[in-house]
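Read the figures in this text as sums done on the coordinates, not as results from a lab. Just so you know, these numbers come straight off a predicted model, no measurement behind them. Cβ coordinates were reconstructed from backbone atoms using ideal geometry, including for glycine residues, and neighbour counts include every protein chain displayed.
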Amino acid sequence: MGFDNRQPITDNAPEAQFSQYLQSMSDIVRCPNCGQANRLPGDGRKAVCGKCKAPLTGGRPIDVTDANFAETIRNGSFVVDFWAAWCGPCRMITPVIEELAASRTDVRFAKLNVDQNPRTATAYRAMSIPLLVLFKDGVEKGRVVGAVPRNQIEAAIRQYL
C-alpha cells in the first residue's frame, strides 16, 4: 500500500488571486494605432495608449493575426472584417469600416487578412468575403456577408451587440 501525500486544498487564496487577476485583464485593450496592450483607467479619465498616446476609443480598425486574434477579441464588443487584398468588394467596404471605427466608441473594429491568417479564417469558416463577424467577449454573436451599406452594419451591431 502506497502513501498518499496529496493534501486537500483548503486555502482559497490562490484562487482568489487568480480571479482578481482575470478581472483585471478584462480592463486591457489593444491600441488601434500601434497595437500595444493597455489597461483602461477605472477613474473616468480619457483612455490613451501608454506607448503612442493615441485615444483607445475610436480611431482605425486594429489589424489582427492568427497569433493575437483570440486575445484581442476576448473582452468587449468587436466587429472583425475578414478580408483579402485581391477582393474588390472587400476594398469597397473598407472606407465604411474605417468610418465606423472612427465614429463609434461602443464597439471596436478589427481586420483579419484571410490569406495571411488561414488558421483563424478556417476556424471561423470565412468562405465568402468580405465577412463581418460580430463578437461579444470572445463569443461570436452574428455575421454579415458581403459589401453591405453602413446602415446594414449598424443594424447588425444593434441586433447582436
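Odds and ends about this structure:
- Modelled label positions at Lys53 and Gln159, each set 7 Å beyond Cα in the direction of Cβ, lie 4.3 nm from each other.
- Residues whose amide H lies under 5 Å from that of Arg108, counting only those 5 or more places away or on a different chain, are Ser77, Phe78, Val79; hydrogens are built 1.01 Å from N in the peptide plane.
- Annotation: amide H-H contacts under 5 Å for Asn38 (H modelled 1.01 Å from N, sequence separation of 5 or more, or interchain): Val29, Arg30, Cys31.
- Here the spin labels are modelled as points 7 Å beyond Cα on the Cα-Cβ line, and at Arg119 and Ala147 they lie 3.2 nm apart.
- Whole-Hz Karplus values for the stretch 108-123 come out as 9, 10, 9, 10, 10, 6, 5, 6, 8, 9, x, 5, 5, 4, 5, 4 Hz, taken residue by residue from phi with 6.51 cos²θ - 1.76 cosθ + 1.60 and θ = phi - 60°; glycine and proline positions read x.
- For the stretch 143-158, 3J(HN,Hα) computed residue by residue from phi via the Karplus equation (6.51, -1.76, 1.60; θ = phi - 60°) reads 9, 10, 10, x, 7, 9, x, 3, 5, 6, 5, 5, 5, 5, 4, 4 Hz, glycine and proline entered as x.
- Applying the criteria of a DSSP loop state and at most 16 other Cβ atoms within 10 Å to the trypsin sites (Lys or Arg not before Pro) of the stretch 67-110 yields Arg74, Arg104.
- From phi via Karplus (6.51, -1.76, 1.60), per-residue ³J(HN,Hα) for the stretch 66-73 in Hz, x at Gly/Pro: 4, 6, 10, 4, 4, 5, 5, 8
- Potential lengthening of the chain between Glu71 and Ala37 amounts to 11.2 nm, from the contour at 0.36 nm per residue minus the alpha-carbon distance.
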